[in-house]
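Asks: Here it is: the structure, laid out below.
Each reported figure results from applying straightforward, stated rules to the coordinates on display, with no laboratory input. Quantities reported herein were computed from a predicted structural model and do not represent experimental measurements. Reconstructed Cβ throughout: ideal geometry from the backbone, glycine too, with neighbour counts over all protein chains shown.
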Amino acid sequence: MGFGSRDPRNWMFGEALDLLKQAEQLQRQFFQLTGASSGARWQPPVDIYEGDKDYWIVVALPGVDPNHVEVLVENGTLVIHGVRALPAESRAGTIRRLEIPYGRFERRLVLPPGDFRLSTKHLENGCLLIGLARIA
């Protein structure tokens with residue numbers, strides 16, 4: 001049958017390559033590498049919700065120890081930084097594939113005009129929930 005465009009093996013291989021390319025693009029979108037100047041290696045994805053007098057930020061941090069995360073409000077910017085360590089079980093073995101980002105992370109979000117204080121911070125089900133209250 002050959003390697004013509006009607007060969008189902010070529011079509012399936014091409015589809016598989018397209019899907020892998022899309023997966024890599026999504027991974028880069030959600031786990032963007034940052035510049036070396038901050039010392040952080042990656043940025044976690046966030047969702048932001050606005051209420052009447054508060055903001056809620058959900059940060060995707062699966063596998064991150066809550067003791068390894070710091071949240072600050074400084075000069076109109078929310079700063080979230082910390083470390084996701086490699087699991088202890090993986091340190092003794094040979095890495096065959098590494099798609100989940102590890103190491104230092106940092107995310108900076110410019111806040112809207114006004115003064116905010118950190119009202120809530122807790123890590124649950126792999127997501128950090130941050131509540132910011134607008135100060136009158």
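Asks: Which order do peptides 93-101, 43-51, 108-116 fall in by mean Cβ count within 10 Å, highest first?
Replies: Peptide ranking by packing, descending: 43-51, 108-116, 93-101.
Asks: Taking N as the number of residues in segment 31-135, what is its Cα Rg relative to 2.2 N^0.38 Å?
Replies: Taking the Cα Rg and dividing by 2.2 N^0.38 Å, one obtains 1.17.
Asks: A further question follows. Work out, step by step, the length gained on full extension between Asn125 and Leu72: first 0.36 nm times the residue separation, then minus their alpha carbon distance; give nm to one decimal.
Replies: Taking 0.36 nm per residue and subtracting the Cα distance, the gain is 16.9 nm.
Asks: Starting from 0.36 nm per residue, how many nanometres of slack lie between Ser90 and Leu19 once their C-alpha separation is accounted for?
Replies: Length gained between Ser90 and Leu19: 22.8 nm.
Asks: Test of understanding: extend the Cα→C-beta vector of Arg104 to 7 Å, then name every residue of segment 49-88 with backbone N under 11 Å from that spot.
Replies: Residues 82-83 fall inside that zone.
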